[in-house]
1. Can you work out which of the residues in the stretch 263-278 that are within 26 Å of the chain's Cα centre (by Cα) and among the aliphatic types (A, V, I, L, M) is farthest from ligand 1 (Cβ to nearest atom)?
2. Keeping to the stretch 157-174, report how many residues are at pLDDT below 85 and either of a type in the set (D, E, K, R) or touching an Asp or Glu at 6+ places or on another chain (Cβ under 7 Å) (or both).
3. Which of the residues spanning the stretch 56-99 are basic (Lys, Arg) and either assigned to a helix (DSSP H, G or I) or within 51 Å of the chain's Cα centre (by Cα) (or both)?
4. Take the residues in the stretch 284-315 that are within 16 Å of ligand 2 (Cβ to nearest atom) and in contact with a strand residue (DSSP E or B) (Cβ under 7 Å, 6 or more places away or on another chain), then tell me which one is modelled with the lowest pLDDT.
5. Scan the stretch 283-296 for residues that are near ligand 1 (Cβ under 7 Å from one of its atoms) and either surrounded by fewer than 20 Cβ atoms within 10 Å (Cβ to Cβ) or not assigned by TED's automatic domain parsing to the domain that holds residue 256 (or both) and jot them down.
6. Any idea which of (1) over 16 Å from residue 341 (Cα atoms); (2) of a type outside the set (Phe, Trp, Tyr); (3) free of Cβ contacts under 8 Å to residues at least 24 places away in the same chain; (4) more than 9 Å from ligand 1 (Cβ to nearest atom) is the one residue 299 doesn't satisfy?
7. Out of all the residues in the stretch 1-55, which are assigned to a loop (DSSP other than H, G, I, E, B) and exposed (fewer than 12 other Cβ atoms within 10 Å of the Cβ)?
8. Go through the stretch 335-364 and count every residue that is assigned to a helix (DSSP H, G or I) and either of a type in the set (D, E, K, R) or within 18 Å of residue 155 (Cα to Cα) (or both).
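The values are calculated or read from the model by the stated rules, or taken from the named source; none is laboratory data. Keep in mind the model is a prediction, meaning the values are calculated, not measured. Cβ coordinates were reconstructed from backbone atoms using ideal geometry, including for glycine residues, and neighbour counts include every protein chain displayed.
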Amino acid sequence: MTTETTPCVLLVDDHPNTLHLMREALGKTGAVILTATSGMDALRLTLLNECALILLDVRMPGMDGYETARLLRGAERTRHTPILFVTGAAEDEEALLKGYEAGGVDFLRKPVAMDLLLAKVTAFLELHRRQREERRSHQLTLELERQQENAARLRELAVLLQNEREEERKRIAHELHDELGSRLARIRLDLRQEGSGVDRAWLTRILAQVDEVIGCVRGVAVSLRPPVLDQMGLYACLEWLAQSFSASGPLQVTLGDHSRNVAMEEPVKTALFRIAQEALTNAVRHGRASRVEFTLTRAARRIHLTIADDGAGWNGQAHQQTSGMGFRGMEERLRPLGGAIRLERSPIGGLQLVATVPEPESRP
Ligand SMILES: Nc1ncnc2c1ncn2[C@@H]1O[C@H](COP(=O)(O)OP(=O)(O)OP(=O)(O)O)[C@@H](O)[C@H]1O
Ligand SMILES: [Mg+2]
């Protein structure tokens, strides 16, 4: 078998001597030269090798050049391979016509002038090289287009998943709160009303346990989708987030007052809220921060949410290379909105994350 990159030329002639001379002359082309002494031999070789060009003697015993050419044209592998007929000096116009009909693209007369042979084969090999390059670049273009389509489809899918996840969280949070929460409240009420005949200490213990479960259910519902997110603007949501984080540990979270007036649509609000939530978790978990500052501004037709911490700061690794899902999730949330995140050194010592989203009229 020949290699994929080196072109291959097949010489077919029943005279081994002619084959030898032609082969010698074509040595300079750098192509792999294959030789066959009969039509059958030629067909067999084309099954094993991808030929760029076939030089075919017209007069051969048994299957002649025309017949061989017709069979080569009929085979998938050699359908488009150029065939050059090598004819005797006496061949007339009718014979040449027959050659063209059989699929030949050019002729050489015997005795073959070796410099002409070399020039023709070189020209055909150059044509073959260009065609192969065009095919390859066409294939690359197609492959690139396919990859771009796949990437676009994946991005759409990521957006759908993100939205569905948010909807699912909302649904479960409501169900927990409305269904389970109200049933538990009902049980609590029944226990208080109907439990006059039972042991008081037991009743107090059971009521405390029911209260605890009610608290848990509420907590899970809130962590799934804080009601404030469906009721208030981002400033209020961030205030709520700051309070709940500050209440659960030594972290002090502050909010710039000018952030109050930045209004936005629901998807932007949810995305920025979730980003702030993840950034706060990161600041505590990785930065061991004691202070976080939120700033929400509108400038140059973009909304900017800055989350600065005073923690350990960035370890210098490109954030796309970390195995965590936090930053990746942030980028996925912002991409469909035309937004992006940026990480930089925080003015208060640790890491600063800036999430920006263009205002609707500036989105692509
Ligand atoms: N505020 C921060 N201070 C210092 N390093 C941080 C901070 N935030 C993130 N990092 C670093 O960036 C990495 C990636 O964060 P990311 O939120 O993407 O993933 P994660 O927190 O490790 O995992 P996950 O968010 O999936 O639970 C972290 O592992 C940490 O090394
Ligand atoms: Mg994280």
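1. Keep residues of the stretch 263-278 that are within 26 Å of the chain's Cα centre (by Cα), which gives 267-268, 270-272, 274-275, 278.
Within this subset, residues satisfying the condition of being among the aliphatic types (A, V, I, L, M) are 268, 271-272, 275.
Values: 268: 21, 271: 15, 272: 16, 275: 10 Å.
Per the stated criteria, the residue is 268.
2. Residues meeting the conditions: 2.
3. Initial filter on the stretch 56-99 (basic (Lys, Arg)): 59, 70, 73, 77, 79, 98.
If the condition is that a residue be basic (Lys, Arg) and either assigned to a helix (DSSP H, G or I) or within 51 Å of the chain's Cα centre (by Cα) (or both), then 70, 73, 77, 79, 98 are the ones that fit.
4. Residues of the stretch 284-315 that are within 16 Å of ligand 2 (Cβ to nearest atom), as a first pass: 284-289, 292, 307, 309, 311-315.
Still in the list and also in contact with a strand residue (DSSP E or B) (Cβ under 7 Å, 6 or more places away or on another chain): 287, 289, 292, 307, 309, 311, 313-314.
On the way: 287: 92, 289: 95, 292: 96, 307: 97, 309: 97, 311: 94, 313: 90, 314: 81.
Per the stated criteria, the residue is 314.
5. We begin by selecting, within the stretch 283-296, every residue near ligand 1 (Cβ under 7 Å from one of its atoms); these are 283, 285-287, 289.
285, 286 - these are the residues of the stretch 283-296 that are near ligand 1 (Cβ under 7 Å from one of its atoms) and either surrounded by fewer than 20 Cβ atoms within 10 Å (Cβ to Cβ) or not assigned by TED's automatic domain parsing to the domain that holds residue 256 (or both).
6. Among (1) over 16 Å from residue 341 (Cα atoms); (2) of a type outside the set (Phe, Trp, Tyr); (3) free of Cβ contacts under 8 Å to residues at least 24 places away in the same chain; (4) more than 9 Å from ligand 1 (Cβ to nearest atom), the lone unmet condition for residue 299 is (1).
7. 1, 3, 4, 5, 6, 30, listed by residue number.
8. Let us first name the residues in the stretch 335-364 that are assigned to a helix (DSSP H, G or I), namely 335-337, 360-362.
Add one more test, that the residue is either of a type in the set (D, E, K, R) or within 18 Å of residue 155 (Cα to Cα) (or both), and what stays is 335-337, 361.
Count: 4.
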